[in-house]
Amino acid sequence: MLPAMTPERFGRSVPPQARRPVPWYAPIGLRQIAQQQLWSTRLLHNLDRRETFTERSAPFRLIDLSSLQGTQPGDPEGFWFDFVADTGDGGSATYAVARGLLAPQLEVQGEAHPLPEGQLLLLGGDLAYPAASPELYQARLVELFELARDGRSRFVDAPPDLKEDTPWQPDHKLLAAIPQNHDWFDSASTFCRYFVNDEKAGLIGARSPQPRSYFALALPHDWYVLGLDFALTGDLDRSQYEAFARLIEAGAIPRGAQLLLIYPEPTWTRRLADLRRDAYPLRFQRLEHLCAQHGLEIRLRLAGDLHHYVRDRLPAATPTGGSCDLVTCGSGGAFGHLTHSREVREPKLMQWASEPDAVPEELCGRVLLGRVADAAAAAVQGLDFSTRSEPQVRYPDEAASRRLARGNLLALLRPRGEPWWHSNLTFALLLGALWLLLGAPLATAGAESGAAEHLQRLLTSPTALAAGAGLGFCALMLACDNDPLRADRGDWAWGLGLGLLWIGAALAWGQGLVGGLLALAPALAPALAWPGAGPLAQLWPWAVAAPATVIAAALVAGASLWALASLGHRAVTNSSSALSHQGHKGFLRFCARADRLEVWMLGLDELPQDWLRASPAGGDRRPQWEPAPGQPPLNWRVVDRFDIERPQPSPAPRT
């Protein structure tokens, strides 16, 4: 069953704006998504596809791209490559970002010269939403990237009869990708078809040389990239850890190498308490420790998953005292996550730890990195941290993020172009129905009834009890960001508080509005005294109350989402997804050089929401769609610009 909210549309004639963002609060879609995630989780528990990648079926090797040094026209010293993640939700956003990625020379505000197209494109996962399937990949990823291609690019399609041992060519585009959780909803089957099973990727005519759902790349100038796959478990599987460990221990990556680690999620935004497992460190923590033991410098930890751009810097975070940047860049499409949440605001602390009780000894080392609400409190608990993060850049910034959060007040009442039955409005209808079912016993009790009779009516009404439980459950899931098992006490307190608020509001609304209309009905009975009007005289109060109740329930839920975001700084996904904000998009562009890695975060503050078919002159193949008149132009600007320089070796390296 395809978990799409509306039937997907395919083809060259379908404009980007017709590929609508996913209405994440539509109950039908939520049920389908939850069902498929449950199926995938159960299957993964019994059969982890990652463990089918063996040395016999898919030998894991370092993919050496160092021969591509000096292949960039006009810049023989630099190797250019890009990173993008979380595409495939919102055709306008995905298409606009693809236009920037695939432009042969990208004009950028703040840069004196255009930035050339990268030869290597790193994909950070969640490539189609709401789940993985051939149909969704085609409609929300492949077609949009294909239509954004520019015939003036220096890169040509890889030949159809491409052999695995074909040398890297300067005019071949290269792809390397990792899956995120949504890519695993079909056990990464569609992901592997595009990026693993065949070296000729099914996207933009590029080559994809990785033999597994994770990879290791050697770039020119001794920069290395490791891409990790967590599936739906939040960690590496054993086979993957052992594959990376063999590579490192065999010396395939030389001592002193500069590493870029790509994660499926920004693990450093997890609570530190969730990352500590006494005597059994998580495998990615052990992998980071193993890198340090062999003198490898992790200079950049990079992930998507959260749909914004945030960079923090860890000073003295490598064996030789070099810094490490923590970058979250999930800005390739989809809705935008707010940046004033706990995941962004709270400091990240790093600890070089050992586990003396671990058995066997290879489990003794780990690198612990996570967020804490209070660094001083962590120190009191006896945690000796070697370094604390320093905030650098937020995009959107906190002021803009707070302005966006206020949009939650009306977010559930906006169909945003979808049929109402496939929009977030259906969640408001559900809440309104629960309000009416819960308030009905009090509304029909009459004004003369006392508190004892009201309570008895509620406790003896199965529908009222079910409606109250439904409201409480919805409030709890909102506050816990759909994951009560990982929630802390504060999340539960917010959830219980909102649940009581919603139940109280529904009871007061039912007794006040519906009860008042029912009390008014006898006075209006003579006006409804035409033949057959008896049922209408009974139903009209409910018919009048229903739309008002839906609006009231949606406003209360929207105010709760705003409060969670701006007062509680929590529920970062639930307080962002209803907004369907398609602005503040972008990607990372890199240039690897002998002495440094240059990094640009390129962003679009606003992007077109209406596109018209282009008419290239002279038959030259250009991007298929252009912004319609009156729409914001594609004005790319530098959101962040930083360098990662090779550190000078210290006389006393950390062990």
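With the convex hull of the Cα atoms taken as the outline of region 432-504, the averaged projected area works out to 5.3 nm². Accessible surface of region 234-278, 1.4 Å probe: 40 percent of it comes from carbon and sulfur atoms.
Evaluated at q = 0.11, 0.12, 0.20, 0.24 Å⁻¹, the base-10 log of the normalised Debye intensity for region 164-254, with identical point scatterers placed on the Cα atoms, takes the values -0.35, -0.41, -1.08, -1.32. Only one of (i) 42.3; (ii) 34.9; (iii) 36.7 was calculated from the structure for mean projected area of the Cα convex hull in nm², and its label is (ii).
Once backbone amide H atoms are built at 1.01 Å from N, residue 639 has 601, 602, 603 as its partners under 5 Å, excluding neighbours fewer than 5 places away on the same chain.
For region 295-358, the equivalent ellipsoid derived from the Cα gyration tensor has semi-axes of 27, 14, 11 Å, listed largest first.
Each peptide in 262-268, 220-226 was scored by the mean count of other Cβ atoms within 10 Å over its residues; highest first, the order is 262-268, 220-226.
Taking the mean number of other Cβ atoms within 10 Å as a proxy for protection, how do you rank 427-437, 603-613 from highest to lowest? Spell out each step's value before the answer.
Details: 427-437: 22.2, 603-613: 18.7.
Highest to lowest by the protection proxy: 427-437, 603-613.
Within region 447-497, what whole-number % of the accessible surface is contributed by carbon and sulfur, with the 1.4 Å probe and all protein chains included in the calculation? Don't jump to the answer; show the numbers that get you there.
Working: 1990 of 3010 Å².
It is 66 percent, rounded to a whole number.
For region 419-425, putting each phi into the Karplus relation 6.51 cos²θ - 1.76 cosθ + 1.60 with θ = phi - 60° gives couplings of x, 4, 6, 10, 10, 4, 4 Hz, in residue order, rounded to whole numbers and with x for Gly and Pro.
Computed over Cα pairs, the Kirkwood radius of region 248-388 leads via Stokes-Einstein (1.002 mPa s, 20 °C) to a diffusion coefficient of 136 µm² per second. Taking a Cβ cut-off of under 13 Å around residue 479, the surrounding Lys, Arg, Asp and Glu residues balance to a net charge of 0, with basic ones at +1 and acidic ones at -1.
Looking at region 177-223, I'd like the Rg to Rh ratio, where Rg is from alpha-carbon atoms and Rh is Kirkwood's inverse mean 1/r.
Working: Rg = 11.8 Å, Rh = 11.5 Å.
Reported Rg/Rh (Cα atoms, Kirkwood Rh): 1.03.
Histogrammed with a bin width of 5 Å, the alpha carbon distances of region 52-145 distribute as 3, 11, 16, 17, 15, 16, 14, 7, 2, 1, 0 percent, first bin at zero.
Helix content alone sets the calculated 222 nm mean residue ellipticity of the chain: runs of n ≥ 4 DSSP H residues at -39500 (n - 2.57) each, divided across all residues, give -10000 deg cm²/dmol.
In the full protein context, the chain carries 40 Å² of accessible surface per residue, based on a 1.4 Å probe and ignoring ligands, DNA and RNA. With θ taken as phi - 60° and the Karplus curve 6.51 cos²θ - 1.76 cosθ + 1.60 applied, the whole-hertz 3J(HN,Hα) list for region 625-638 is 10, 10, x, 6, x, x, 8, x, x, 7, 8, 6, 9, 7 Hz, x standing for glycine and proline. For region 580-596, the Karplus equation 6.51 cos²θ - 1.76 cosθ + 1.60, evaluated at θ = phi - 60°, returns couplings of 6, 6, 9, x, 6, 9, x, 7, 9, 10, 10, 9, 7, 10, 5, 10, 6 Hz by residue, with Gly and Pro reported as x. The rule of thumb for compact globular proteins, 2.2 N^0.38 Å, goes into the C-alpha radius of gyration of region 75-223 1.03 times.
Diffusion of region 185-303 by Stokes-Einstein, at 4 °C in a medium of 1.567 mPa s and with Rh set to the Kirkwood radius over alpha-carbon pairs, works out to 84 µm²/s.
The values are calculated or read from the model by the stated rules, or taken from the named source; none is laboratory data. Nothing here was measured: the structure is a model prediction, and the numbers come from that model. Please note: Cβ atoms are built from the backbone with ideal geometry, for glycine as well, and neighbour counts cover all protein chains shown. Surface areas here come from the heavy atoms of the whole protein model, side chains and all, with no ligands, DNA or RNA. Shrake-Rupley method; radii C 1.70, N 1.55, O 1.52, S 1.80 Å.
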